[in-house]
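The values are calculated or read from the model by the stated rules, or taken from the named source; none is laboratory data. Here the structure is a predicted model, which is why all the values come from computation and not from measurement. Here Cβ is always computed from backbone atoms with ideal geometry, including for glycine, and neighbour counts include all displayed protein chains. With ligands, DNA and RNA removed, areas are computed over all heavy atoms of the protein, side chains included. Shrake-Rupley method; radii C 1.70, N 1.55, O 1.52, S 1.80 Å.
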Amino acid sequence: MESIAVFGPKNGSHQLFLPSPNNWFPVSKLSSFPLTSVPSKPPRFVRLKATSTPICDDKKSNRTFEKLPPSPWTDHFNSLSVDVSEMDALRKEIDALKPEVKNKLMSSQGMESTKKRIHMIYSLVSLGLAHHFEDDIYETLEEDFLNIEEIMDGEEDLCTVSIFFWVFRTHGHYISSDVFRRFKKNNGDFKESLTGDAMAMLSLYEAANMGTRKDHILDEALIFTSTHLESLAAGGTCPPHLSLRIRNALNLSQHLNMEMVSAVEYISFYEQEKDHDKMLLKLSKLSFKLGQLQYIQELKILTKWYEELEFASKLPPYFRHRLVENHFFVLAMCFEPRLSRERMMMAKFFTILVILDDTFDRYASLPEAEVLANSLKRWDHDHTMDKQPDYLKFTLNFMLDTFEEFDRELGPDGRSDNVTAAIEVYKTHVKGNYDLAKWALVSHVPSFDEYMEVGEVEIAVYATLASRYMSLEKLDSKEAFEWLKSKPKIVQVLCAKGRLMDDITGFEDDMRRGYVTNAVCCYMKQHGVSEKEALKKLDEMVTEADKIINEEFLTTVGLPRCVLKAVIGLSRMITLCYNGYEGYTNPEGKIKEYMMSMFVDQISL
């Protein structure tokens, strides 16, 4: 009998042999994903060292945790100094250049000028400058979209068509992917003559990453461009800076990348382009430099806050020290220098999330997890903690105290209701953590459907969005929280994407420490497939999720821009964090490179 071994639990087990079904069952939470039937064949069996139903021995606890090394960044910013006068000088230079750029953007008239303006918007976005001209960009694209057919009519340059497509979809305007049919032959294949133009192929590749489930031509374009771009980058025919840009894009497309990470890469590329706009290049460097100094200043304050809490002496070493990493990932949702308070509050919120997650996931016994969950549900420094371990008391007090700090910060602006709304979302996240812990602490492997219902809540998408919406202006925040409470499809699908990418990239680590309650094991159990087959299917679900997110972004209307912008930013953060590796638990490699580019390698002016 063929079987698939799944690592056993930490708290005892018996072996189960579970026959697989002949068809994929419909997934209630992922009903939009196409789950196709498999051909009839002899049943396969999955051997799972796990209990068939959750059974808990209250005397047992999950203390066999692995001590995680501290972050190398924790003390890095203590000794750094930030020259406030330098920041003031940068702001003055930026303020002096912005009117010139705005005038160039808004003053053009006529069809050719319109095309130049759209190209300029592409440059502004790519260089990380769009936030300086956000209202102007949206205003001009609203007007230009009314003439989109005329703009595209007769345009035979692939690079131009791809860039226009990318710009309009990036800003929420649906432009049909049929515009690319002009670059196909009669047999339906893309023209071979396109493959010699590296910039055009790269632009088409970037556009293809913005596809929805109906954009089949973009699926074809993605395969077509990926194959040829690999050859172009490796063949030595492209300039070195263009080859590097191609490799960066193939690793992570601009649409899926964090805006500031993409910008610093693009600035380097743009500077080496012969026809670059010197004014835009100068402004992009000044703006990025100001951002870097602002981030360092914030990290000095955050590091002091973190040290004063004395996590190292108050908690056993089961948790991940990720303060600086938290700040880095927050940049996906609010990188603009003016959003300093919002960033620091979100970094603190992320610290709460990781302490909660690691307490339930890596250390607490089930009775302790229950006490903590109930105390957070009541939201009170209550007496139920009197007989609990000191670490648990500290964890509860830290969370409650930090939210009180948020209220002191936002209350004077009339935003206490925002904090209250964020707390309610956080309580739901706590429940998701506890529900998952009840399975994980006894090594229970539920069905994939059951797991996703709980795991999508536990992954903290709702809580993360709440942390961003908490600091919005009163009117925007009210709309944001009401929308979030309605559980919109784009957020539901983002939850699924986050859950799956986390579990796919963290699977080996989970198995090594005997943690079997994850999407891979649950999918293997429900469908009787191998690890390889399960990972392939979950990867397909992630790809489908990105298409649905693109779809929902283009069709969701009536919301303040900042609300949807946060969702797209979070989606990009998830992609970057789990792009073939578990970049939060193990922030080495590419994550470390990205952080160096933000915080250490100061851009030269």
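Go ahead and estimate [θ] at 222 nm for the chain from helices alone: -39,500 (n - 2.57) per DSSP H run with n ≥ 4, summed, over the residue count, rounded to 500. Don't skip to the answer; put the middle values down first.
Working: 25 runs with 363 residues, N = 605.
Computed ellipticity for the chain at 222 nm equals -19500 deg cm²/dmol.
Quick check: the angle from helix 111-126's long axis to the longest principal axis of the chain, C-alpha only, nearest 10 degrees?
Relative to the chain, helix 111-126 is tipped by roughly 30 degrees.
Can you find, among SER365, ALA545, GLY569, the residue farthest towards the positive end of the dipole of the chain? Put +1 on the C-beta of Lys and Arg, -1 on that of Asp and Glu.
SER365
Give a residue-ordered list of calculated ³J(HN,Hα) values for segment 70-79 (Karplus: 6.51 cos²θ - 1.76 cosθ + 1.60, θ = phi - 60°; whole Hz; x for Gly, Pro).
Karplus-based 3J(HN,Hα) across segment 70-79 equals x, 5, x, 8, 3, 9, 4, 9, 4, 8 Hz.
Farthest toward the dipole's positive end in the chain, which of ALA422, GLY498, HIS216, given Cβ charges of +1 (Lys, Arg) and -1 (Asp, Glu) about the Cα centre?
Towards the positive end, the residue furthest out is GLY498.
Take the chain, drop everything but the C-alpha atoms, weight them equally and run the Debye formula without solvent; then report log10 I(q)/I(0) at 0.10 Å⁻¹ to two decimals.
Normalising to I(0) and taking log10 leaves -0.95.
I'd like the antiparallel share, as a percent to the nearest 5, of DSSP beta bridges with both residues in the chain. Display every interim value, and only then the final one.
Details: 6 of 8 bridges.
Percent antiparallel among DSSP bridges in the chain is about 75.
Check the straight Cα-Cα distances from LYS191 and name the aspartates and glutamates below 15 Å, setting aside those fewer than 8 residues away within the same chain.
LYS191 reaches GLU156, ASP157, GLU220.
Do any of LYS304/LYS497; LYS98/LYS478; LYS214/LYS532; LYS300/LYS478; LYS104/LYS547; LYS289/LYS314 go past 30 Å between their Cα atoms, and which? Provide the component values of the computation, followed by the final result.
Details: LYS304/LYS497 34 Å; LYS98/LYS478 32 Å; LYS214/LYS532 28 Å; LYS300/LYS478 32 Å; LYS104/LYS547 35 Å; LYS289/LYS314 37 Å.
Long pairs (Cα-Cα over 30 Å): LYS304/LYS497; LYS98/LYS478; LYS300/LYS478; LYS104/LYS547; LYS289/LYS314.
Report in % the part of the accessible area of the chain that belongs to carbon and sulfur, leaving out ligands and nucleic acids; probe 1.4 Å. Could you put the intermediate results ahead of the total?
Numbers: 13230 of 25630 Å².
Here carbon and sulfur together make up 52 percent of the probe-accessible area.
Charges only on Cβ, +1 for Lys and Arg, -1 for Asp and Glu: so what's the dipole of the chain about the Cα centre, in debye to the nearest 20? Kindly include the intermediate steps, with their values, before the conclusion.
Details: 72 positive and 91 negative charges, 270 e Å.
Using only the charged Cβ atoms, the result is roughly 1300 debye.
What accessible area per residue, rounded to a whole number of Å², is obtained for the chain using a probe radius of 1.4 Å? Walk me through the numbers before you get to the answer.
Details: 25630 Å² over 605 residues.
Value for the chain: 42 Å² per residue.
Give a quick list of GluC sites (Glu not before Pro) in segment 141-196 that DSSP marks as loop, anything other than H, G, I, E or B, with at most 10 other Cβ atoms within 10 Å. Each step should come with its number before you reach the end.
Working: sites: GLU142, GLU143, GLU149, GLU150, GLU155, GLU156, GLU192; in loops: GLU155, GLU156.
The qualifying sites are GLU156.
Per-residue HN-Hα couplings for segment 357-363, Karplus 6.51 cos²θ - 1.76 cosθ + 1.60 at θ = phi - 60°, whole Hz, x for Gly and Pro?
4, 6, 5, 6, 7, 10, 9
For segment 592-605, in order, what is each residue's ³J(HN,Hα) by Karplus, 6.51 cos²θ - 1.76 cosθ + 1.60 with θ = phi - 60°, in whole Hz (x at glycine and Pro)?
5, 4, 4, 5, 4, 5, 7, 10, 10, 7, 5, 5, 8, 8
Would you work out if segment 85-283 is rounded, prolate or oblate? Take a ≥ b ≥ c from the square roots of the eigenvalues of the alpha-carbon gyration tensor; rounded if a/c is under 1.5, else prolate when a/b is larger than b/c, oblate otherwise. Numbers along the way, then the final one.
Values: a/c = 2.03, a/b = 1.34, b/c = 1.51.
It comes out oblate by the Cα gyration axes.
Return the loop-located GluC sites (Glu not before Pro) in segment 558-605 (DSSP other than H, G, I, E, B) with at most 15 other Cβ atoms within 10 Å of their own Cβ; answer none if there are none.
Working: sites: GLU582, GLU588, GLU593; in loops: GLU582, GLU588.
Here the sparse-neighbourhood loop sites are GLU588.
Check which residues have an amide H placed less than 5 Å from HIS321's amide H, if you skip close sequence neighbours.
For HIS321, whose amide H was placed from the backbone, the distant partners under 5 Å are SER71.
When only the heavy atoms of the protein chains count and the probe is 1.4 Å, how do HIS327, HIS321 rank by accessible area, highest first?
Values: HIS327 0, HIS321 35 Å².
The ordering from most to least exposed comes out as HIS321, HIS327.
Find the centroid of the Cα atoms in segment 280-358 and in segment 177-212, then give the distance between the two in whole Å.
40 Å
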